[in-house]
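The values are calculated or read from the model by the stated rules, or taken from the named source; none is laboratory data. The structure presented is a predicted model; accordingly, all values stated were derived computationally and were not measured. Positions of Cβ are backbone-derived with ideal geometry, glycine not excepted, and every protein chain shown enters the neighbour counts.
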Amino acid sequence: MKIFVAGATGAIGRPVLNQLLAKGHNVVALTRSQERAQSLAAQGIEPAIADVFDPDSVKAAIAHAQPEVVIEQLTALPKTYSRESMSAAGPLNTRIRLEGGANVLAAAQAAGVRRYLRQSVAFWGIPGAGLADEATPLSLDASPAVAADARLVTEIERRLLESNLEGIALRYGFFYGPGTWFNPDGDVAQQVRQQQFPIVGNGDGVWSWLHIEDAAIATVAAAEQGNPGVYLIVDDQPLAVRDWLPAFARSLNAPPPPPVSVEDALKMEGGADSVYYQTQMRGASNAKAKRKLNFQPRLLEWVVETAVTHAS
């Protein structure tokens, strides 16, 4: 099957390309750089050179490729995970997802693409009891940054699912593994080592995780056999911050994360968002992905590692 990938340079883009090649697909990847195009060609991937903010060049690239499926992973996230870096990256990230994504979607429709997959977010389900599923509304009234991003994701999904394509929104959990913030060499790991990533309040916020390789496997499965709609792509272990963060610190041989009260957190810039993530966030269910895509995620690595260490 011929598959066109937009957003091939991010943390998930590289493993998706590798998984597509391993499954024998004919892969075309979008890039702006001639140097990157040469690197892609050396891997057996057909490069398509275009700027996602130039609708005519994107339309020409997809029309030339004539893919059956488009996988769009467009983001502009920073290498560091902090209030300052995320705030600085915000305008471009929003633009590339809304404007760039709209250009790719329009080009796919014009070229007669059959199926279109889009990256989305699993961890903004409205707070409540139990795990969120695909029908759970997103937190449009949450803390400022979360609410803004939830509205952005809602609009992106609406455009896709109301198109005439077989639209699939893949709501991923928090990525960990190579190339992510939550890898031992990643930015959050460094913050944990320096005790700059505290537990806020009771740490009751539940996070849903996803290894970057499992994300790629699920993405390719959806490209091959997914039905239109939304899929939550997360692992089997949604965990409260009070559980996963100390385990992560132990796996890094780092000191325990310091506690911070909700009151003190709210005094900091972006504190309302920190409080949401750490005390209100809701875990997600992967039941549909397991049922429809035969999704079999691995156990959260650092929880397994610390359990084995304690047992021995």
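Just wondering, is there one or more residues in region 119-134 that are acidic (D, E), touching a strand residue (DSSP E or B) at 6+ places or on another chain (Cβ under 8 Å), over 24 Å from V16 (Cβ atoms) and not in a helix (DSSP H, G or I)? Break it down stepwise before answering.
Step one: list which residues in region 119-134 are acidic (D, E), which gives 133-134.
Now drop any that are not touching a strand residue (DSSP E or B) at 6+ places or on another chain (Cβ under 8 Å), which leaves 133-134.
Checking which are over 24 Å from V16 (Cβ atoms) leaves us with 133.
Adding the requirement that they be not in a helix (DSSP H, G or I) leaves 133.
Within region 119-134, one or more residues are acidic (D, E), touching a strand residue (DSSP E or B) at 6+ places or on another chain (Cβ under 8 Å), over 24 Å from V16 (Cβ atoms) and not in a helix (DSSP H, G or I).
What are the residue pairs meeting all of these: first residue in region 76-88, first residue farther than 15 Å from G10 by Cβ, second residue at pLDDT below 85 and of a type in the set (D, E), Cβ atoms under 6 Å, and 6 or more apart or on different chains?
Pairs that qualify, where the first residue is farther than 15 Å from G10 by Cβ and the partner is at pLDDT below 85 and of a type in the set (D, E), are R83/E269.
How many residues are touching a residue at least 60 places away in the same chain (Cβ under 8 Å), within 19 Å of T279 (Cβ to Cβ) and not hydrophobic (A, V, I, L, M, F, W, C) when one looks only at region 246-262?
4
Give just the number: which of (1) touching a residue at least 40 places away in the same chain (Cβ under 8 Å); (2) out of contact with any helix residue (DSSP H, G or I) (no Cβ under 7 Å at 6 or more places or on another chain) does A37 not satisfy?
Only one criterion in (1) touching a residue at least 40 places away in the same chain (Cβ under 8 Å); (2) out of contact with any helix residue (DSSP H, G or I) (no Cβ under 7 Å at 6 or more places or on another chain) is unmet by A37, namely (1).
With respect to the numbered conditions (1) over 21 Å from A142 (Cα atoms); (2) surrounded by fewer than 18 Cβ atoms within 10 Å (Cβ to Cβ); (3) not hydrophobic (A, V, I, L, M, F, W, C), which one is the sole condition not fulfilled by G90?
Checking G90 against (1) over 21 Å from A142 (Cα atoms); (2) surrounded by fewer than 18 Cβ atoms within 10 Å (Cβ to Cβ); (3) not hydrophobic (A, V, I, L, M, F, W, C), the one that fails is (1).
Output the qualifying pairs, or none if there are none: Cβ atoms under 8 angstrom, residues six or more apart or on different chains, first residue in region 102-131 and farther than 12 Å from V70 by Cα and touching a residue at least 12 places away in the same chain (Cβ under 8 Å), second residue of a type in the set (V, I, T) and in a helix (DSSP H, G or I).
N103/V58; A110/I62; S120/V153; S120/I156; V121/V153; W124/V146; W124/V153
Looking at T80 and the list (1) crowded, with 21+ Cβ neighbours inside 10 Å; (2) β-branched (V, I, T); (3) assigned to a loop (DSSP other than H, G, I, E, B), which single condition is not satisfied?
Condition (1) is where T80 drops out.
Filter region 1-13 down to residues that are closer than 22 Å to Q109 by Cβ and among the hydrophobic types (A, V, I, L, M, F, W, C) and give me whichever is surrounded by the fewest Cβ atoms within 10 Å (Cβ to Cβ).
M1
In region 14-25, what residues are closer than 17 Å to Y116 by Cβ and surrounded by fewer than 22 Cβ atoms within 10 Å (Cβ to Cβ)? Break it down into steps so the answer makes sense when it comes.
As a first pass, look at region 14-25 and keep what is closer than 17 Å to Y116 by Cβ: 16, 20, 25.
The answer is H25, and nothing else.
Which ones in region 57-105 are under 19 Å from L170 (Cα atoms) and hydrophobic (A, V, I, L, M, F, W, C)?
V69, V70, I71, L74, A76, L77, I96, L98, A102, V104, L105
Residues to consider are E213, E269, E263, E224; find the one that is of a type in the set (D, E), surrounded by fewer than 22 Cβ atoms within 10 Å (Cβ to Cβ) and within 18 Å of the chain's Cα centre (by Cα). Working first, answer last.
On the way: E269 fails: within 18 Å of the chain's Cα centre (by Cα); E263 fails: within 18 Å of the chain's Cα centre (by Cα); E224 fails: within 18 Å of the chain's Cα centre (by Cα).
Checking each option against the conditions leaves just E213.
Could you check how many residues of region 185-214 are under 30 Å from L17 (Cα atoms) and in a loop (DSSP other than H, G, I, E, B)?
Residues that pass the stated criteria total 3.
Which members of region 65-76 meet the condition of being surrounded by fewer than 17 Cβ atoms within 10 Å (Cβ to Cβ) and of a type in the set (A, V, I, L, M)? Full working, then the answer.
Going residue by residue through region 65-76, those that are surrounded by fewer than 17 Cβ atoms within 10 Å (Cβ to Cβ) are 66, 68, 76.
Within region 65-76, just A76 meets the criteria.
Quick check on my filter: what residues within region 38-56 are in a helix (DSSP H, G or I) and either among the hydrophobic types (A, V, I, L, M, F, W, C) or under 26 Å from the mean Cα position of the chain (by Cα) (or both)? Explain how you work it out, then say what you get.
At the first step, the residues of region 38-56 found to be in a helix (DSSP H, G or I) are 38-42, 55-56.
If the condition is that a residue be in a helix (DSSP H, G or I) and either among the hydrophobic types (A, V, I, L, M, F, W, C) or under 26 Å from the mean Cα position of the chain (by Cα) (or both), then S39, L40, A41, A42, P55 are the ones that fit.
Anything in region 26-64 that is under 14 Å from G7 (Cβ atoms), buried (at least 16 other Cβ atoms within 10 Å of the Cβ) and of a type in the set (K, R)? List them, or say none.
R36
Within region 99-116, identify whether any single residue is at pLDDT 95 or above, over 28 Å from I233 (Cα atoms) and in a helix (DSSP H, G or I), and answer yes or no.
Yes, the conditions are met somewhere in region 99-116.
Can you find a residue in region 153-160 that is charged (D, E, K, R), surrounded by fewer than 18 Cβ atoms within 10 Å (Cβ to Cβ) and not in a helix (DSSP H, G or I)? I'd like the intermediate steps shown before the answer.
Here is the first cut: in region 153-160, the ones charged (D, E, K, R) are 155, 157-159.
Adding the requirement that they be surrounded by fewer than 18 Cβ atoms within 10 Å (Cβ to Cβ) leaves 155, 158-159.
Restricting the remaining residues to those that are not in a helix (DSSP H, G or I) gives none.
No.
Given the structure, is L77 of a type in the set (A, V, I, L, M, F, W, C) and modelled with pLDDT of 90 or more?
Values: of a type in the set (A, V, I, L, M, F, W, C): yes; modelled with pLDDT of 90 or more: no.
Against the criterion (of a type in the set (A, V, I, L, M, F, W, C) and modelled with pLDDT of 90 or more), L77 does not qualify.
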